[in-house]
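Sending over a structure as structure tokens; questions will come in a sec.
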Amino acid sequence: QDQLVESGGGLVQPGGSLRLSCAASERIFSANTMGWYRQAPGKLREFVGTIRSDGSTNYAHAVKGRFTISRPNGKNTMSLQMSSLKPEGTAVYYCNNISAPLLPWGQGTQVTVSS
């Protein structure tokens, strides 16, 4: 399936943790360098982080040291482990290619950080 499916979002208290998943076909993961994005209410979608084919990762400054991207099965999934969550982390989280052309966006998964 050539579609991106994000899951795992929910309501979490500040300081809490959450693990998101991105599922897509093996073809998509083998042909693209995938990453995570997020879009907070009233703001533009922004880059969160990426994982390359060699396993190396890169993160936006705002999440570095708190978020970890991995490829659990190395085939058709990607995870985003989020720790020490802050209220400003409230957003819809998406996965996609990190370079053009972007793939059609999935529905995303809502993360709400609130007490």
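What FRET efficiency comes out for the pair SER17/ALA100, r = Cβ-Cβ distance, R0 = 22 Å, nearest 0.05?
The computed FRET efficiency comes out at 0.10.
Next question, about the same structure. Describe numerically, in nm with one decimal, the distance between label points set 7 Å from Cα along Cα→Cβ at THR68 and at VAL5.
Label-label distance for THR68 and VAL5, simple model: 2.6 nm.
Measuring from centroid to centroid over Cα atoms, what is the spacing of segment 1-28 and segment 78-115 in Å?
About 7 Å separates the Cα centre of segment 1-28 from the one of segment 78-115.
Sorted from largest down, what three extents in whole angstroms do the Cα atoms of segment 6-115 have along their principal axes?
For segment 6-115, the Cα extents along the three principal axes come out at 40, 25, 23 Å.
Straight-line reach from LYS43: which aspartates and glutamates fall under 15 Å, measuring Cα to Cα and dropping same-chain residues less than 8 apart?
Cross-link targets: GLU88.
Let me ask something else about it. Through the Karplus equation 6.51 cos²θ - 1.76 cosθ + 1.60, θ set to phi - 60°, convert the phi angles of segment 32-46 into ³J(HN,Hα) values in whole Hz; use x for Gly and Pro.
9, 8, 9, x, 10, 10, 8, 9, 7, x, x, 10, 6, 5, 10
While we're on this one: Restricting to Cα pairs below 8 Å that are 6+ residues apart, what does the relative contact order work out to for segment 58-115? Please round to a whole percent.
Details: 61 pairs, mean separation 15.2, N = 58.
26 percent.
If you don't mind, another one. Would you please calculate the Kirkwood hydrodynamic radius of segment 62-115 over all C-alpha pairs and express it in Å, rounded to one decimal?
Taking the inverse mean of 1/r over all distinct Cα pairs, segment 62-115 comes out at 12.9 Å.
Could you give the size of the charge dipole of the chain about its Cα centre, using +1 on the Cβ of each K and R and -1 on the Cβ of each D and E, expressed in debye and rounded to the nearest 20? Before the final figure, lay out the partial values.
Working: 11 positive and 6 negative charges, 41 e Å.
The calculated dipole for the chain is roughly 200 debye.
Given an 8 Å cut-off on Cα distances and at least 6 residues of separation, report the relative contact order of the chain as a percent.
Across the chain, relative contact order equals 38 percent.
Modelled label-to-label distance, LYS43 and GLN81, 7 Å Cα→beta-carbon offset: nm?
Using points 7 Å along Cα→Cβ, the separation is 2.4 nm.
Here's something else I'd like to know. Tell me what the chain gives for mean residue ellipticity at 222 nm when only DSSP H runs of n ≥ 4 count, each as -39,500 (n - 2.57), the sum divided by the residue total, rounded to 500 deg cm²/dmol.
That calculation yields -1000 deg cm²/dmol at 222 nm.
Just so you know, all these numbers are worked out from the coordinates, no wet-lab data involved. None of these values were measured; they are calculated from a predicted model. Positions of Cβ are backbone-derived with ideal geometry, glycine not excepted, and every protein chain shown enters the neighbour counts.
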